[in-house]
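Enquirer: Below is one structure. I have some questions about it.
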Amino acid sequence: MSSLQMPFGNPNAVISPNYCAPQPFQLSMKKKHYFLSSREYEVKDDKYGRFLFKVKRINSFFSSKVVIYDAVGNPIVTLRPKAYSRRSRWQVFRGESKANTDIIFSARISSSFQFNRRNLDVFLQNNIGEKICDFKMEASNSANTCDIYGPSSLLIAQMKRKGTFFGRNHFMVSVNPNVDYAFIVSLIVILDEIVTSD
């Protein structure tokens, strides 16, 4: 993994240190499907049921995007698939921006030739060369489970899909202390969007 310095002095605070809890954190993510491939994710603190994020997929004639909103409806980040990419690649921007100066990180399928096309390499914006990824996702072939690794190849989060009930997908996510759980949510949404589009 890359040894690049990351924002705020915390190597796992990618979007904001405000989303880094000092203790292990369990998230519950539920996805709802709507008409014309529209879908939403609702993210809660699994222990207390506290609402954390709403994630909306927004389709338009020319493109689609996914926006993650905080508990009061402010856009935190926008996830956009990159057009004409040889490997599936997503870019994540601050707020609802689409300016290159507001890119926080990008994620792409690890290899064009890998049998399991669910593994993703994650690069922070300042990792220009992209020779070594800053974070890595390793998912099962079905993408029902996923491990996320941070700097020094340390396991920082795990996801397990609980199943589908009445059109909903339910994900349980375990996040290590001092890890940016908004960042983890964005990675899981990207993985799910790639799987859904296959």
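Enquirer: Quote to one decimal, in nm, the extra length available between Asp70 and Ile58 on full extension: 0.36 nm per residue of separation minus the C-alpha distance between them.
Expert: 2.7 nm
Enquirer: Can you tell me the FRET efficiency between Ser142 and Lys30 if r is taken as the Cβ-Cβ distance and R0 is 25 Å, rounded to the nearest 0.05?
Expert: 0.85
Enquirer: Report, in cubic angstrom per residue, the convex hull volume of the C-alpha atoms of the stretch 25-197.
Expert: Looking at the stretch 25-197, the number lands at 127 Å³ per residue.
Enquirer: What is the fewest-to-most order of Leu27, Leu52 by other Cβ atoms lying within 10 Å of their Cβ?
Expert: Leu52, Leu27
Enquirer: In the stretch 126-198, which trypsin sites (Lys or Arg not before Pro) fall in coil by DSSP and have 11 or fewer other Cβ atoms within 10 Å?
Expert: The qualifying sites are Lys131.
Enquirer: Among all the lysines, which ones have a C-alpha under 26 Å from Lys160's C-alpha, if same-chain residues fewer than 8 places away are not counted?
Expert: Lys30, Lys31, Lys32, Lys44, Lys47, Lys54, Lys56, Lys65, Lys136
The numbers here are math on the coordinates, done by the rules we state, and not lab data. Given the structure is predicted, the values throughout are model-derived calculations rather than measurements. Heads up, the Cβs are rebuilt from the backbone with ideal geometry, glycines too, and the neighbour counts pull from every protein chain shown.
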